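The values are calculated or read from the model by the stated rules, or taken from the named source; none is laboratory data. None of the values given here were measured: they were computed from a predicted structure. Because the Cβ atoms are built from the backbone with ideal geometry, glycine has one as well, and the counts that use them run over all protein chains shown.
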Amino acid sequence: MSEDMKKRKMNSNTVLFHTMIWIPLLFILIFNYYPMISGFQIAFEDFKPGLGISGSEWVGFKHFARIFATADAVRAVRNTLIIACAKIIANLIIPIIIALLLNEIRVKWFKRTAQTLIYLPYFLSWVILASIMINLLSTDGGLVNRAIEALGGNSVFFLGDNSVFRKTLVVSDVWKNFGYNTIVYLAALTNIDPTFYEAASIDGAGRWKQTIHITLPGISMFIVLMTILGIGSVLNAGFDQVFNLYNVSVYESGDIIDTLVYRLGIQQQQYSFSTAVGFFKSVVSLVLIVGSNWLADKFAGYKVF
């Protein structure tokens with residue numbers, strides 16, 4: 001086969017492959033991006049379902065101004081930031097510690113059993129876990145409160161007291177998710193060359209110094225990656241979890257952006273304002289993802305995209 005025929009064949013294959021790519025991309029543009037772009041227009045209108053998107057009155061940034069003028073919206077943004085930041089920090093530190101501890105276990109069956117037990121809650125939905133949490137934390141015979149009372153303490157209303165509700169959300173979220181992050185860090189630990197530890201041991205470095213100077217630097221890229229992914233969801237405090245655990249008595253400390261949007265959009269039918277709040281959240285999340293990726297590239301020499 002001549003060179004010209006080979007080139008023509010390669011070009012025809014390239015055209016075929018590009019055609020195969022463009023067909024699903026076209027479907028994504030039509031059924032994902034077009035509805036999203038047209039739907040965002042609702043945030044800039046006084047949307048009336050009967051008039052449709054094109055027939056509703058254009059009001060510009062009226063609803064965005066309400067976000068910082070409405071007490072409920074300001075409270076929801078504050079709660080979201082506090083809860084999400086606490087979750088990001090806890091889900092970064094605890095899995096690293098657990099991964100380091102599991103990595104030191106030499107009994108394989110015990111290590112596998114421990115990994116399975118801590119990973120199991122990740123596969124359960126918040127509907128199931130919320131039911132478990134409600135029964136465990138109940139003031140009427142809940143296992144946790146019974147243990148507190150047995151130790152001489154007073155019963156705590158974990159799901160109805162604003163002073164402890166945020167902590168309950170963070171702890172329960174870590175309980176559900178830290179197993180997944182632990183597996184990620186355990187996989188990262190397997191990439192570290194064992195000869196580094198042997199050389200450090202010969203030089204007299206103990207386990208603590210080996211952890212500080214070899215282990216943590218060895219998984220630093222994965223830590224950066226997980227941090228960037230976490231920062232991108234800083235305005236996503238976990239709708240499924242909060243919706244299944246909160247109630248009116250803890251709106252002050254537990255009402256987040258997503259639950260506010262749900263109440264305004266679905267229950268109160270304030271479509272434009274709820275869309276504006278959701279759009280604001282999306283824009284801020286995008287800025288944070290891009291910014292954190294830039295910082296990671298600048299200070300750690302690592303890029304996610």
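Does at least one position in segment 89-102 carry a residue that is surrounded by 18 or more Cβ atoms within 10 Å (Cβ to Cβ) and over 24 Å from THR215 (Cβ atoms)? The answer is no, given that none of the residues of segment 89-102 is surrounded by 18 or more Cβ atoms within 10 Å (Cβ to Cβ) and over 24 Å from THR215 (Cβ atoms). Restricting attention to segment 272-288, the residues that are of a type in the set (A, V, I, L, M) and closer than 13 Å to PHE61 by Cα add up to 2. Checked against the criterion of being exposed (fewer than 11 other Cβ atoms within 10 Å of the Cβ) and at pLDDT below 65, the candidates MET20, MET10 yield just one match: MET10. If you check PRO217 against the conditions, is it over 20 Å from the mean Cα position of the chain (by Cα) and under 30 Å from LEU81 (Cα atoms)? Yes: the conditions hold for PRO217.
When you check ASP193 against the structure, is it acidic (Asp, Glu), surrounded by 13 or more Cβ atoms within 10 Å (Cβ to Cβ) and either touching a helix residue (DSSP H, G or I) at 6+ places or on another chain (Cβ under 9 Å) or assigned by TED's automatic domain parsing to the domain that holds LYS167 (or both), yes or no? Taking the combined requirement at face value, the residue does not satisfy it. Flag not set for GLY141, criterion: exposed (fewer than 13 other Cβ atoms within 10 Å of the Cβ) and not assigned by TED's automatic domain parsing to the domain that holds THR182.
Entry remark, segment 220-242: residues being over 14 Å from ILE82 (Cβ atoms) and either in contact with a Gly (Cβ under 9 Å, 6 or more places away or on another chain) or in contact (Cβ under 8 Å) with a residue 40 or more places away in the chain (or both) number 15 in total. Within segment 53-67, at least one residue is surrounded by 15 or more Cβ atoms within 10 Å (Cβ to Cβ), under 17 Å from SER282 (Cα atoms) and of a type in the set (A, V, I, L, M, F, W, C).
Residues in segment 233-250 that are more than 8 Å from the chain's Cα centre (by Cα) and either of a type outside the set (Phe, Trp, Tyr) or surrounded by 19 or more Cβ atoms within 10 Å (Cβ to Cβ) (or both): LEU235, ASP240, GLN241, VAL242, ASN244, LEU245, TYR246, ASN247, VAL248, SER249, VAL250.
Rundown of residues vs (1) surrounded by 17 or more Cβ atoms within 10 Å (Cβ to Cβ); (2) outside any helix (DSSP H, G or I); (3) assigned by TED's automatic domain parsing to the domain that holds ALA99, yes/no style:
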| residue | (1), (2), (3) |
| --- | --- |
| VAL156 | yes, yes, yes |
| PHE165 | yes, no, yes |
| TRP175 | no, no, yes |
| PHE178 | yes, no, yes |
| THR182 | yes, no, yes |
| TRP208 | no, no, yes |
| ILE212 | no, no, yes |
| MET221 | no, no, yes |
| ILE231 | yes, no, yes |
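Please specify each residue of segment 73-102 satisfying the condition of being farther than 30 Å from ALA114 by Cα and touching a helix residue (DSSP H, G or I) at 6+ places or on another chain (Cβ under 6 Å). Before the answer, list the steps.
Applying the first criterion (farther than 30 Å from ALA114 by Cα) to segment 73-102 yields 73-82.
If the condition is that a residue be farther than 30 Å from ALA114 by Cα and touching a helix residue (DSSP H, G or I) at 6+ places or on another chain (Cβ under 6 Å), then ALA73, ALA76, THR80 are the ones that fit.
Here's the yes/no breakdown for (1) in the same structural domain as ASN162 (by TED's automatic domain parsing); (2) not in a helix (DSSP H, G or I):
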position	(1), (2)
MET36	no, no
GLY50	no, yes
ALA65	no, no
VAL74	yes, no
ILE88	yes, no
ILE96	yes, no
LEU102	yes, no
PHE110	yes, no
ILE134	yes, no
